[in-house]
Amino acid sequence: DAGVTQSPTHLIKTRGQQVTLRCSPKSGHDTVSWYQQALGQGPQFIFQYYEEEERQRGNFPDRFSGHQFPNYSSELNVNALLLGDSALYLCASSPDRGQGYTFGSGTRLTVV
Amino acid sequence: GQQVMQIPQYQHVQEGEDFTTYCNSSTTLSNIQWYKQRPGGHPVFLIQLVKSGEVKKQKRLTFQFGEAKKNSSLHITATQTTDVGTYFCAVSGGYQKVTFGIGTKLQVIP
């Protein structure tokens, strides 16, 4: 039973560029949430997708956007990258009425 | 939204010693979740507590939810080097949105 898969694992981008991160949820999970984790910090909620719509959003600017596809997979897009966007981006899936997230291994984004 | 504070932020223990991390809130929590993140890894769900005064055990780990549902603790008995990592408490709010604390980083000295 595959868990949550994320791609790519590492990425280096230049300030001002755009990036797309991808996530495939665990089989049977229909809710996908994205988190940003800076070094030494706890994961910060970006947004959550359910039934292909953004259901909740954290305190992140509009430069952060996402999408969920009919097969429940999801993308996180970040435009106009800033140095401060460098972080580990985690995708987590859950059944809509379940308990606990299953996290992917994350994408380490470095903005230079 | 619901927020939680965790203490301590860092803890060094000798292998074999016990370890406890605490999670506190100023408001009544609907539930509390605990996650473990190994160095270089991703958070792994450990448990969810829902009931007032609930106590659950997983081998050497004991999880408690306070009677007032405003605090929780994770206690590890006789730590091992495999316990190294950061332990996060988190609150699941509406639509399964999970808000994480800052975490307690545990170092175990062999």
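Observations on the model:
- Search result, residues across segment A:76-112 that are more than 9 Å from chain B (Cβ to nearest Cβ) and open to solvent by less than 40 Å² (accessible area, probe 1.4 Å): A:Leu76, A:Asn77, A:Val78, A:Leu81, A:Asp85, A:Ala87, A:Tyr89, A:Cys91, A:Ser93, A:Thr107, A:Leu109, A:Val111
- Subset of segment B:21-56 [in contact with a Leu (Cβ under 7 Å, 6 or more places away or on another chain) and among the β-branched types (Val, Ile, Thr)]: B:Thr21, B:Ile32
- Filter result (free of Cβ contacts under 8 Å to residues at least 24 places away in the same chain and touching a Lys or Arg at 6+ places or on another chain (Cβ under 8 Å)) within segment B:24-45: B:Val44
- Within segment B:50-106, the set of residues being open to solvent by 60 Å² or more (accessible area, probe 1.4 Å), within 21 Å of B:Gln11 (Cα to Cα) and modelled with pLDDT under 95 comprises just one member, B:Ile102.
- Qualifying residue in segment A:59-71 (condition: buried (at least 21 other Cβ atoms within 10 Å of the Cβ) and either within 9 Å of chain B (Cβ to nearest Cβ) or on the phi > 0 side of the Ramachandran plot (or both)): no
- Given (1) within 14 Å of chain A (Cβ to nearest Cβ); (2) closer than 22 Å to A:Pro43 by Cα; (3) touching a Lys or Arg at 6+ places or on another chain (Cβ under 9 Å), number of the condition B:Lys51 does not satisfy: (2)
- Of all residues in segment B:63-110, those satisfying the criterion of being among the aliphatic types (A, V, I, L, M) and more than 15 Å from B:Ser30 (Cβ to Cβ) are B:Leu74, B:Ile76, B:Ala78, B:Val84, B:Ile102, B:Leu106, B:Val108, B:Ile109.
The values are calculated or read from the model by the stated rules, or taken from the named source; none is laboratory data. A quick note: this is a predicted structure, and the numbers were derived from the prediction, not measured. Note that each Cβ is placed from the backbone with ideal geometry, even for glycine, and that neighbours are counted across all protein chains shown. The protein model used for the area step is the full one, side chains on, heavy atoms only, and it has no ligands, DNA or RNA in it. Shrake-Rupley method; radii C 1.70, N 1.55, O 1.52, S 1.80 Å.
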